[in-house]
Amino acid sequence: MAETLSLEARGLTRRYGGFTALRDVSMSLSTGEIRGLIGSNGAGKSTCMDVLSGRARGTGSSGTVLLEGRDISTLNERARRHAGLARSFQKTNIFPELTVRRQVELAARKAEVDNTQDVLRELNLLPHAERRAADISYGDQRRVDLALALVGRPKVLLLDEPAAGLTMGESLALAHMLRDLAERWRLTVLIVEHDMDVIFSICARVTVLHLGQILAEGTPDEIRGNTDVVKAYLGSAAA
Ligand SMILES: Nc1ncnc2c1ncn2[C@@H]1O[C@H](COP(=O)(O)OP(=O)(O)OP(=O)(O)O)[C@@H](O)[C@H]1O
């Protein structure tokens with residue numbers, strides 16, 4: 001029996017006036033997969049995440065998004081989140097004055113779930129739970145961001161540059177925690193990240209965007225060995 005895909009995008013296109021930022025992008029992610037989405041500045045990565053998450057809907061956007069086989073293309077961002085598609089942004093969403101526990105509780109209440117303690121434990125945040133977010137390290141704040149996206153126990157997480165601003169050690173620790181979570185929760189992750197060490201250490205497959213279109217898709221070894229990708233992106237990005 002064919003496996004039901006966790007997230008499927010068919011023919012995603014996004015136009016801004018006469019400019020096409022994303023053209024006919026299709027991809028299929030299986031359950032528990034961590035997929036990297038890479039490409040140079042302006043390649044269309046954020047636009048792709050916007051169309052998937054429902055942030056960019058209506059005029060200018062077309063294509064189909066399926067979540068576990070269900071067509072969610074007509075749902076707005078909030079309804080998609082409710083259906084199990086969560087997104088975490090590069091810009092931190094946390095309130096500096098609140099304790100870590102309080103803001104995870106607020107996010108849990110909004111998502112109508114009661115798993116604050118579980119999520120704090122999973123993300124190694126229990127030792128910081130009673131501290132104000134402003135008083136913890138930037139690396140820990142990024143984990144609070146992740147916690148806020150994970151409270152509803154989503155099926156799919158869209159992750160925008162989670163390692164931005166982290167030290168190399170913090171980035172790799174975050175990457176391994178993500179891989180561990182995806183495995184235990186059967187969580188599917190689509191991750192946009194400029195840190196190729198993070199991408200190549202946790203992604204089974206990588207999709208490369210270039211000028212709004214898919215340039216390549218494959219395993220980390222295939223992507224690293226693809227001369228078009230090296231020319232368009234990796235030659236400069238891997239630095
Ligand atoms: N609101 C908008 N109006 C017009 N053009 C836009 C808009 N948003 C994005 N674009 C254009 O669409 C293209 C894709 O942008 P996008 O932000 O998706 O790229 P990206 O791959 O995420 O880049 P980066 O790595 O710099 O974040 C760019 O040429 C950008 O200038």
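Read-outs: derived from the displayed coordinates by stated rules, not from any lab. Fair warning: this is a prediction, and the values are worked out from it, not measured in the lab. Ideal geometry is used to build each Cβ from the backbone, glycine not excepted, and the neighbour counts take in all protein chains shown.
For E112 and E183, what does the FRET efficiency come to when R0 = 35 Å and r is the distance between their Cβ atoms, rounded to the nearest 0.05? Display every interim value, and only then the final one.
Numbers: r = 26 Å, r/R0 = 0.75.
The computed FRET efficiency comes out at 0.85.
Quick one: what are the phi-derived ³J(HN,Hα) couplings along the range 150-160, Karplus 6.51/-1.76/1.60 with θ = phi - 60°, whole Hz, x for glycine and proline?
Couplings: 9, 4, x, 6, x, 7, 10, 10, 9, 10, 9 Hz.
Do any GluC sites (Glu not before Pro) in the range 130-239 lie in a DSSP loop with no more than 14 other beta carbon atoms within 10 Å, and if so, which?
Working: sites: E130, E170, E183, E193, E217, E222; in loops: E130, E193.
Qualifying residues, ordered by number: E130.
Let me know the charge dipole size of the range 145-239 about its Cα centre in debye, to the nearest 20, where only the beta-carbon of Lys, Arg (+1) and Asp, Glu (-1) is charged. Show your work: numbers first, answer last.
Working: 8 positive and 13 negative charges, 71 e Å.
It comes to approximately 340 debye.
Taking the Cα centre as origin and putting +1 on Lys and Arg beta-carbons and -1 on Asp and Glu beta-carbons, what dipole magnitude results for the chain, to the nearest 20 debye? Don't jump to the answer; show the numbers that get you there.
Working: 31 positive and 30 negative charges, 143 e Å.
Here the size comes out at about 680 debye.
Aspartates and glutamates within cross-link reach of K110: Cα-Cα under 12 Å, excluding same-chain residues under 8 positions apart?
Of all the aspartates and glutamates, none pass the test against K110 - Cα under 12 Å, at least 8 places apart if same chain.
If you place +1 on the Cβ of every Lys and Arg and -1 on the Cβ of every Asp and Glu, how big does the dipole about the Cα centre of the range 1-141 come out, in debye to the nearest 20?
My answer is approximately 560 debye.
If you count, for each residue, the other Cβ atoms within 10 Å and average over each peptide, how do 66-73, 11-18 line up from highest to lowest? Spell out each step's value before the answer.
On the way: 66-73: 16.0, 11-18: 13.9.
Averaged packing, sorted descending, gives the order 66-73, 11-18.
Express the relative contact order of the range 1-47 as a whole percentage, based on alpha carbon pairs under 8 Å and six or more residues apart in sequence. Intermediate results must be reported in sequence, preceding the final value.
Values: 56 pairs, mean separation 16.3, N = 47.
Once divided by the residue count of the range 1-47, the mean separation gives 35 percent.
Taking K231 as the anchor, which aspartates and glutamates have their alpha carbon closer than 18 Å to its alpha carbon, excluding any fewer than eight residues away along the same chain?
The qualifying aspartates and glutamates are D195, E217, D221, E222.
Can you work out ³J(HN,Hα) from phi for every residue in the range 173-180, in order, using Karplus 6.51 cos²θ - 1.76 cosθ + 1.60 and θ = phi - 60°, giving whole Hz and x for Gly and Pro?
Couplings: 5, 5, 4, 5, 5, 4, 4, 5 Hz.
How much of the DSSP bridge set in the chain is antiparallel, in percent, rounded to the nearest 5? Intermediate values should be presented prior to the final figure.
Working: 21 of 38 bridges.
Taking every DSSP beta bridge within the chain, about 55 percent pair in antiparallel fashion.
Can you tell me the orientation of helix 100-110 relative to the chain, as the angle in degrees between its alpha-carbon axis and the longest Cα principal axis, to the nearest 10?
Approximately 60 degrees, to the nearest 10.
How high is the relative contact order of the chain, in percent, with contacts defined as C-alpha pairs under 8 Å that are six or more residues apart?
Details: 456 pairs, mean separation 62.2, N = 239.
RCO, the chain: 26 percent.
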